[in-house]
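Inspection log for the structure reproduced underneath, given as structure tokens.
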Amino acid sequence: MNIHSIDPILIPVPESFESSRLQIRSVVWGDGAAVHEAVQESAAELRHWMPWARQVPSVEESEVSIRRSRLQFLERSDIRLLLFHKKTGQLIGSSGLHRIDWRVRKFEIGYWVRTSYAGQGYITEAVNAITEFAIQELQANRLEIRCDSRNTRSARVAERTGFTLEGILRNDKTDVQGNLRDTMVYSKVRGAEY
Ligand SMILES: CC(C)(COP(=O)(O)OP(=O)(O)OC[C@H]1O[C@@H](n2cnc3c(N)ncnc32)[C@H](O)[C@@H]1OP(=O)(O)O)[C@@H](O)C(=O)NCCC(=O)NCCS
């Protein structure tokens, strides 16, 4: 069957894969409590950049969000991924392949790190593994990382993982305070970066 005409629900997507220090897997019902705990610990950092973290979601709200993400994973409309430390089993952050266009085979990688695991290269490691996963398992033609132009820590992840800055979209979105902001668009595309 032509992969460009296939109904996405038929596309096989592995549930889990590994990098050297991390187990990276799709969400399952019951993950809400661990996500809540990690978000609560990290709220002071997340709230600057993630609108949903302005008010920390309750355990129940986190579980609702996880279950919705599970359903989206099953229908292949969005791939939310949790990052677990292989040694401690702790949830160290979250990532995923979002805004999927299966026809183009295009995905946007998002991420946040649990504060106690920041500054140790875990997100860089996860982005490298997820990029490889998207290329090998999902035949990605284009991967994007988008971030607020002032979010230097996020931009450094994109640069460290070999993404190319394509441009800056001016007045592209509003930030968590409702003010206009610019968006940096980084990408890796088949034929250029891989
Ligand atoms: C963006 C964010 C995930 C980056 O987290 P981070 O901890 O800086 O990223 P990494 O896990 O890749 O760690 C990289 C840092 O660890 C250091 N490091 C230590 N060991 C390392 C290793 N083995 N490999 C790579 N880097 C390592 C790096 O030098 C780097 O520090 P530096 O930027 O001060 O030079 C984090 O700031 C965050 O969650 N922000 C809030 C949410 C957010 O903005 N998300 C992105 C939205 S677009």
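The values are calculated or read from the model by the stated rules, or taken from the named source; none is laboratory data. Because the structure is a prediction, the values reported are computed rather than measured. Glycine also receives a Cβ, built like all others from the backbone with ideal geometry; neighbour counts cover every protein chain displayed. Note: areas computed on protein heavy atoms with side chains; ligands, DNA, RNA excluded. Shrake-Rupley method; radii C 1.70, N 1.55, O 1.52, S 1.80 Å.
Which residues, taken from region 137-154, are in a loop (DSSP other than H, G, I, E, B) and either in contact (Cβ under 8 Å) with a residue 60 or more places away in the chain or not small (Gly, Ala, Ser) (or both)? Scanning region 137-154 gives GLN139, ASN141, ARG150, ASN151.
Regarding GLU41, is this residue touching a residue at least 60 places away in the same chain (Cβ under 8 Å), touching a helix residue (DSSP H, G or I) at 6+ places or on another chain (Cβ under 6 Å), acidic (Asp, Glu) and surrounded by 14 or more Cβ atoms within 10 Å (Cβ to Cβ)? For GLU41, the condition - touching a residue at least 60 places away in the same chain (Cβ under 8 Å), touching a helix residue (DSSP H, G or I) at 6+ places or on another chain (Cβ under 6 Å), acidic (Asp, Glu) and surrounded by 14 or more Cβ atoms within 10 Å (Cβ to Cβ) - is met. Here is the figure for region 90-121: residues that are more than 9 Å from the ligand (Cβ to nearest atom) and assigned to a helix (DSSP H, G or I) total 1. Does VAL35 satisfy the criteria of being surrounded by fewer than 20 Cβ atoms within 10 Å (Cβ to Cβ) and either modelled with pLDDT of 95 or more or within 16 Å of the ligand (Cβ to nearest atom) (or both)? Considered against the rule, which asks whether it is surrounded by fewer than 20 Cβ atoms within 10 Å (Cβ to Cβ) and either modelled with pLDDT of 95 or more or within 16 Å of the ligand (Cβ to nearest atom) (or both), VAL35 comes out as no.
Take region 52-105 and flag every residue that is more than 15 Å from SER26 (Cα to Cα), open to solvent by less than 10 Å² (accessible area, probe 1.4 Å) and in contact with a Ser or Thr (Cβ under 9 Å, 6 or more places away or on another chain). Result: ALA53, single match. Scanning region 155-194 for residues that are part of a strand (DSSP E or B) and either modelled with pLDDT under 95 or among the hydroxyl-bearing types (Ser, Thr, Tyr) (or both) yields THR164, THR174, THR183, TYR186, SER187. Under the condition of being near the ligand (Cβ under 10 Å from one of its atoms), of a type outside the set (Asp, Glu) and either surrounded by 14 or more Cβ atoms within 10 Å (Cβ to Cβ) or closer than 19 Å to TYR194 by Cα (or both), the residues counted in region 122-152 number 10.
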